[in-house]
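Contents: one structure, followed by commentary.
The values are calculated or read from the model by the stated rules, or taken from the named source; none is laboratory data. The structure displayed is predicted, hence computed values, not measured ones. When we count neighbours, we look across all protein chains shown, and the Cβ atoms used for this are built from the backbone with ideal geometry, even at glycine. Side chains are part of the model used for accessible areas, which takes the heavy atoms of the whole protein and leaves out ligands, DNA and RNA. Shrake-Rupley method; radii C 1.70, N 1.55, O 1.52, S 1.80 Å.
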Amino acid sequence: MSTTVQVTFDCAEPDSLAQFWAAALGYVVQPPPPGFDSWEQLLRQHDIPEEQWDSRAGVIDPDGNGPRLFFQRVPEGKTAKNRVHLDMHVAIGLGEDERRARIEAEVTRLEALGASVLWRLEPEPMSGFCVAMTDPEGNEFCVD
């Protein structure tokens, strides 16, 4: 038996955070189920109040390889460091100079989408160069 994985984010603005992660990872916003032309159509048909329309969002890997990311609105804000975070491996197999350049280029792209740099970790015996960042709602992730 196989198990699929979904990564769930508690957040304040599910739609905007979903848009950030879709752009960051090359994912797409999950389309509505068959029989519906839009999420709005589905929500209206199920009598979901409009104030709840931005309470959830999902993004998926268009190639079907990566996990689904699910974003759910919660009333409380983020108060501490994440216990789980995503790592974006963007420079696998590159030499150290090329690797650093590729990571820095990705960091620049992600900053333009709304991410922020926390710190840069210089190469050590057990790890290579990586950059710790936060998404627009402060969730930590690494680019390496």
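For the chain, the solvent-accessible area of protein heavy atoms averages 63 Å² per residue (probe radius 1.4 Å; ligands and nucleic acids excluded).
Computed with every protein chain present, the accessible area of residue 16 is close to 60 Å² [probe 1.4 Å]. The local environment of residue 78, defined by Cβ-Cβ distances under 11 Å, has a net charge of -4 under the rule Lys, Arg +1 and Asp, Glu -1.
With the helix formula -39500 (n - 2.57) applied to DSSP H stretches of n ≥ 4, the chain reaches a computed 222 nm mean residue ellipticity of -8000 deg cm²/dmol.
Say a site is exposed when it is one of the trypsin sites (Lys or Arg not before Pro), sits in a DSSP loop, and has at most 14 other Cβ atoms within 10 Å; what is then the longest site-free stretch of the chain? Value returned for the longest uninterrupted segment is 1-80.
Ligands, DNA and RNA left out, the accessible area of the chain computed with a 1.4 Å probe is 53% carbon and sulfur. Our analysis of the chain gives Rg over Rh at 1.03, with the two radii drawn from alpha carbon positions and Rh computed by the Kirkwood formula. Per-residue surface analysis assigns residue 85 an accessible area of about 80 Å², computed on protein heavy atoms at 1.4 Å probe radius.
Net charge in the neighbourhood of residue 123 (other residues with Cβ under 12 Å of its Cβ; Lys, Arg +1, Asp, Glu -1) is -2. Rounded to the nearest 10 degrees, the inclination of helix 14-25 to the longest alpha-carbon principal axis of the chain is 40 degrees. The angle between the Cα long axis of helix 96-113 and the main principal axis of the chain comes to about 30°, on a 0 to 90 degree scale.
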